[in-house]
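Report on the following structure.
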Amino acid sequence: MRHLRLAALSPLAAALLLGACSTTDAPVAPTAPQPSVMHAQLLEDVRILAADDMQGRDTGAPGGAMARDYIIGRLEALGVAAPPMGREQPWEMQGRTREGAKTFNGVNVLGVIPGTRVTDRYIVVTAHYDHVGTNDGQVFNGADDNASGVATMLALAADLKRQAPDHSVLIVALDGEERGLLGAKHFVEAPPVPLASISMNLNFDMTARAETDGKLWVTGTYQHPTFRPLLETIPANGAVALAFGKDTPQDTGEDNWVNSSDHAAFHRAQVPFLYFGVNYHPDYHRPSDDFERITPSVFISATELSIAGFRALDRGLDR
């Protein structure tokens, strides 16, 4: 992404955690799972994807294939079906490396969750699962970039399986982002549904380390101003609040994120987009971007905000 402690749990999360720990013989409703289990899975997804044995999840490398297999297993465990074109979308493209251009063979991972109100319109939720691999003998684990975004996307998928969305949803773990948004470019060139049927792309890239400024940034409302009223009433969650920006002509260089991650491929294809991500931090694109650097309560709050943001968009679009 972006080519550059302990906070208290939110009151809602704390209350739910306490409730989950209480003992009762009453059955648990399907729409009210135990948040302690949900949050544990969120953290476990990041821990596994950012482990040393994933070797930095480089595109086309064994570690990338291991990460892909893990994500496929998680989608299948959640009961997220594959679209008609299949679970995997392979591609071959030229990408960038420190040594120059190179041909990469990558694979996007796809899932579909049918909607209930606008069944023929899709929200495409994306997060890239690749990172930069190993460099100079060091593993770049990419816990925040972007094991965190994948984990947030999987948490959203779990929430959508508990309570179906209004729109049909494509869950897409993209490969090759670090090599030039390759998987996203292929997706929009060969989409599993017509581009005209996609209401928007919601891209998660770096959702864990919001303690830098206490913000989960929303980029794209300058380009798509009708999205902002759907999101701006969402309250802060614990130590994290939504913030809007990084997308105006006044935002220059590294402070402009319109083309900074996979959503740029959708933007260029004239598909409306929003990008959710945290600000830069000292471990960005360094071997120190490890699971241990994540503050769980902050990551949980950012993920809950991400899910709330999706739900607001899902309710408000195509009315």
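The values are calculated or read from the model by the stated rules, or taken from the named source; none is laboratory data. Note that the structure is a prediction, hence the values are computed from the model and not measured. Cβ sites come from the backbone with ideal geometry, for glycine too, and all protein chains shown count toward neighbours. In case anyone asks, the SASA skips ligands and DNA or RNA and just uses the protein heavy atoms, side chains included. Shrake-Rupley method; radii C 1.70, N 1.55, O 1.52, S 1.80 Å.
Structure data summary
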| read-out | value |
| --- | --- |
| Test: T252 is over 21 Å from D314 (Cβ atoms), polar (S, T, N, Q) and open to solvent by 10 Å² or more (accessible area, probe 1.4 Å) | yes |
| Residues that are crowded, with 16+ Cβ neighbours inside 10 Å and either among the polar types (S, T, N, Q) or modelled with pLDDT of 50 or more (or both), drawn from the range 12-40 | P35, M38, H39 |
| Filtered residue count, the range 268-288, keeping only those that are open to solvent by 10 Å² or more (accessible area, probe 1.4 Å) and more than 20 Å from S148 (Cα to Cα) | 4 |
| Top-ranked residue in the range 139-154 [being under 9 Å from the mean Cα position of the chain (by Cα) and among the β-branched types (V, I, T); ranked as surrounded by the most Cβ atoms within 10 Å (Cβ to Cβ)] | T152 |
| Filtered residue count, the range 255-267, keeping only those that are of a type in the set (D, E) and either open to solvent by less than 20 Å² (accessible area, probe 1.4 Å) or closer than 13 Å to N203 by Cβ (or both) | 1 |
| Selected residue [closer than 26 Å to P165 by Cβ and assigned to a loop (DSSP other than H, G, I, E, B)] from T221, T303, T248, T226 | T221 |
| Residues (within 19 Å of N135 (Cα to Cα) and either out of contact with any helix residue (DSSP H, G or I) (no Cβ under 6 Å at 6 or more places or on another chain) or surrounded by fewer than 13 Cβ atoms within 10 Å (Cβ to Cβ) (or both)) located in the range 57-101 | T59, G60, A61, P62, G64, A65, R96, T97, R98, E99, G100, A101 |
| Filtered residues of the range 227-243 (kept if over 15 Å from F310 (Cβ atoms), surrounded by 18 or more Cβ atoms within 10 Å (Cβ to Cβ) and hydrophobic (A, V, I, L, M, F, W, C)) | A239, V240 |
| Those residues of the range 186-218 which are assigned to a loop (DSSP other than H, G, I, E, B) and open to solvent by 60 Å² or more (accessible area, probe 1.4 Å), in sequence order | P194 |
| Test result for A157, aliphatic (A, V, I, L, M), under 17 Å from G64 (Cβ atoms) and either in contact with a Leu (Cβ under 7 Å, 6 or more places away or on another chain) or surrounded by 24 or more Cβ atoms within 10 Å (Cβ to Cβ) (or both) | no |
| All positions within the range 289-319 that are open to solvent by 30 Å² or more (accessible area, probe 1.4 Å), over 29 Å from F227 (Cα atoms) and not hydrophobic (A, V, I, L, M, F, W, C) | D290, E292, R293 |
| Single unsatisfied condition, V169 versus (1) in a helix (DSSP H, G or I); (2) buried (at least 24 other Cβ atoms within 10 Å of the Cβ); (3) not aromatic (F, W, Y) | (1) |
| Pick from the range 115-138, criterion open to solvent by less than 20 Å² (accessible area, probe 1.4 Å), assigned to a strand (DSSP E or B) and not aliphatic (A, V, I, L, M), ranking: farthest from V193 (Cα to Cα) | H128 |
| Filtered residues of the range 85-114 (kept if in a loop (DSSP other than H, G, I, E, B), in contact with a Gly (Cβ under 9 Å, 6 or more places away or on another chain) and at pLDDT below 95) | none |
| Scope the range 137-181; condition polar (S, T, N, Q) and in contact with a Phe, Trp or Tyr (Cβ under 6 Å, 6 or more places away or on another chain); matching residues | T152, S168 |
